[in-house]
Every structure is written in C-alpha cells, then in structure tokens.
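Everything below concerns the one structure shown next.
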Amino acid sequence: MTTNPENNNYVPFRVSTLRGDQKIDFNAYVRINEKYILYVRKGDSFEGNRLVKLKEKKLKQLFLKSEEENLYRQYLERNIDMAYDKNSGKSITNRAEIIQGSQQSGAEEVFENPISATAYNNAKHNMEKFVTFLQGESEAFQSMMNIENVDQNIAHHGVTVATLATMLMQKLDFDPAKTNLIALGALLHDFDHHHNGLQVNRSLSQFTPQELAKYKLHPQTGAETVKDKKHFDPLVLKIILQHEECIDGSGFPHKLKERDIEPGAVIVGVANALDRLITFEGVPKQQAPKELMIKRVGHYPLDYIRMLGEIFSKQALAA
Ligand SMILES: [Fe+2]
Ligand SMILES: [Fe+2]
C-alpha cells in the first residue's frame, strides 16, 4: 500500500457544522482522487443563500489541516454558544441555522458510529437544549421550518421530525419527562435509511415491488442494528422500530394496533408522515397538514393531525 505522507495532515469534519455568519478562521478542503483541494477559505461564512448553495453540493464531509483543528473546535463552540443564547444579538434565522446544523451533525455521528456511546450521549444531551429552544422561544419553530432540506438529507429530516414532534408534545401537554427521549427517537428514527441506499425522496407509489419490500423493513433493520448497543435507550429503540406503525393496524412492520404502539412512536409517526410529504414528496409546507388529513386520516389520532395543522397555521411559514 502506498501512502502519501501529505495526506496524513488532513482530518475530516462535517459540512453540517458550517453554519451562521461567523467567519471561519481555517481553510477547508475537498478530497478528490486522494488529493486535497482548497474548497472554502478562511474568512467565509455560511448563512442564507450561501448555506443553500453549500447544501446543494450534497457534500457531507470536508477536510482541514490537522494544525488548524483547534481553530475549527473553537469555531464550533463559539457558534453553538452564540446560537443558544437569546441575547447574543444574532438573528433568530442565523441562530436556527446553526442549531439545525448542530442537530443534523449529531444525528450523522450516531448514524455513522452507532457503537459510540459518546456520539449517542452527545446527541441526547444536545436534544435537551434543542427542546428548550423550541418550546421556549416563540419564533424557534418557524425559523427551523424555514430551513429547506434542499439535499433531502435523512439526518436533516430527523431534525425536522424532532421539531414537529416536540411542538406537538408541547401542545398535547405530553409527559415532559419523556419529551427529550421521544425527540431523540424522532431525530434517529430513520437510522436504516442512512445505510440502505434506497432513494426515499419520491412517493411510495413510484417504488418498485423490490424497493417497497426493502422500504418496509427499514424500521426493523434499523432497530436490530442498534439494539445490542447498550447506550441506546429502550424508548428510542421502540420509536425506531414502531414509527411506521398506524393506529388502525395498517402500518408496518408489525401492523400493530393503537393499544400496542408506544405513545411516543405515534407522535413521531405523525410528525414523520408530515415531513415525508414536505421533504420527500414536494408538497408545499402550507398545504402539507391538509394533505396529511386527506391521505392519512385514520392512521393517526385525528386531534394530532389537527394540532399539527394549528401549529403550522399559527406560524407564517415561508412557502
Ligand atoms: Fe421511516
Ligand atoms: Fe422518516
């Protein structure tokens, strides 16, 4: 095996951590054919349109020189601290973009390294801050929902489902002791889609029978992959396994009826069904709750579907 000594000086980092108007003070490189090419420069920042453009590239990973790794860590810390600080003087749009990126990157860490208790516990700890942000700041939901999932990323979808589930639980006065874990289950619910290579960004009616068969296995495959990892909470495992079940017994993988489905999985299920329409089937946000009511009535409690509609209508979401 030949190694290029120069390549040892680069370390990977997640593109989802590049967010907000804080300028980066390190250079970021893309790896092409074992070569590292300067991609984003010191002094760039990533908000609004520039963020959309970066996301459109669908790059998950960039590299930096190991001697600049400390600068990157400091950038991350400053960004997160500022984003969760109401009094930072930064706009809610900017703060929400950083928070969304941080949640997405936390989910990606768990998807890629489920064996790591540290990755899981970081996601769990960060979820507490996220839930407090969503439930405590009136503009948080709207700002989160205004961030387009332009690359139809599964981890971003997890963040959106966690956002919707958290707002629904607040409206339902759902057991606050469980909110954090249910939101974490929402973040990680599609664990298997990160790995199974299915092209999920289209209507299920467009799937071939083989694709559909594989799709119907994703909750079980996901849960089985992580069930022996002791750091995964049982409630999170149940949500991964049951998030596609429907209360009338028409869901999968086990066609469970309402009495047998974990209540947190019903919350995540309805939130997931709504974001499937928005993110993967191209339904405009304002129409999505109505479409959910038409297409999925009977699958979820009627008041949950209605409440999601109310949560949306109270917010002036960008179309
Ligand atoms: Fe799913
Ligand atoms: Fe999903």
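Give me a count of the residues in region 56-101 that are of a type in the set (Gly, Ala, Ser) and open to solvent by 20 Å² or more (accessible area, probe 1.4 Å).
4
Here is a yes/no grid of residues against (1) under 27 Å from Tyr120 (Cα atoms); (2) in the same structural domain as Lys58 (by TED's automatic domain parsing); (3) open to solvent by less than 60 Å² (accessible area, probe 1.4 Å); (4) touching a Lys or Arg at 6+ places or on another chain (Cβ under 6 Å):
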position	(1), (2), (3), (4)
Asp192	yes, no, yes, no
Glu211	no, no, yes, no
Lys214	yes, no, no, no
His231	yes, no, yes, no
Lys238	yes, no, no, no
Leu241	yes, no, yes, no
Cys246	no, no, yes, no
Glu258	no, no, no, no
Ile294	no, no, no, no
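Could you check how many residues of region 13-50 are surrounded by 17 or more Cβ atoms within 10 Å (Cβ to Cβ) and of a type outside the set (Phe, Trp, Tyr)?
Total satisfying the criteria: 14.
Considering region 102-140 alone, what residues qualify as being open to solvent by 40 Å² or more (accessible area, probe 1.4 Å), more than 25 Å from Lys314 (Cβ to Cβ) and of a type in the set (S, T, N, Q)?
Asn113, Thr118, Asn121, Asn122, Asn126
Just to be sure, is Thr163 away from ligand 1 (no atom under 14 Å from the Cβ), within 17 Å of Ser102 (Cβ to Cβ) and open to solvent by less than 20 Å² (accessible area, probe 1.4 Å)?
yes
The values are calculated or read from the model by the stated rules, or taken from the named source; none is laboratory data. Every value quoted in this text rests on a predicted model; they were computed, and no experiment measured them. So basically every Cβ, Gly included, is an ideal-geometry build from the backbone, and we count neighbours across all protein chains shown. Quick note on the areas: whole protein, heavy atoms, side chains included, nothing else; ligands and nucleic acids left out. Shrake-Rupley method; radii C 1.70, N 1.55, O 1.52, S 1.80 Å.
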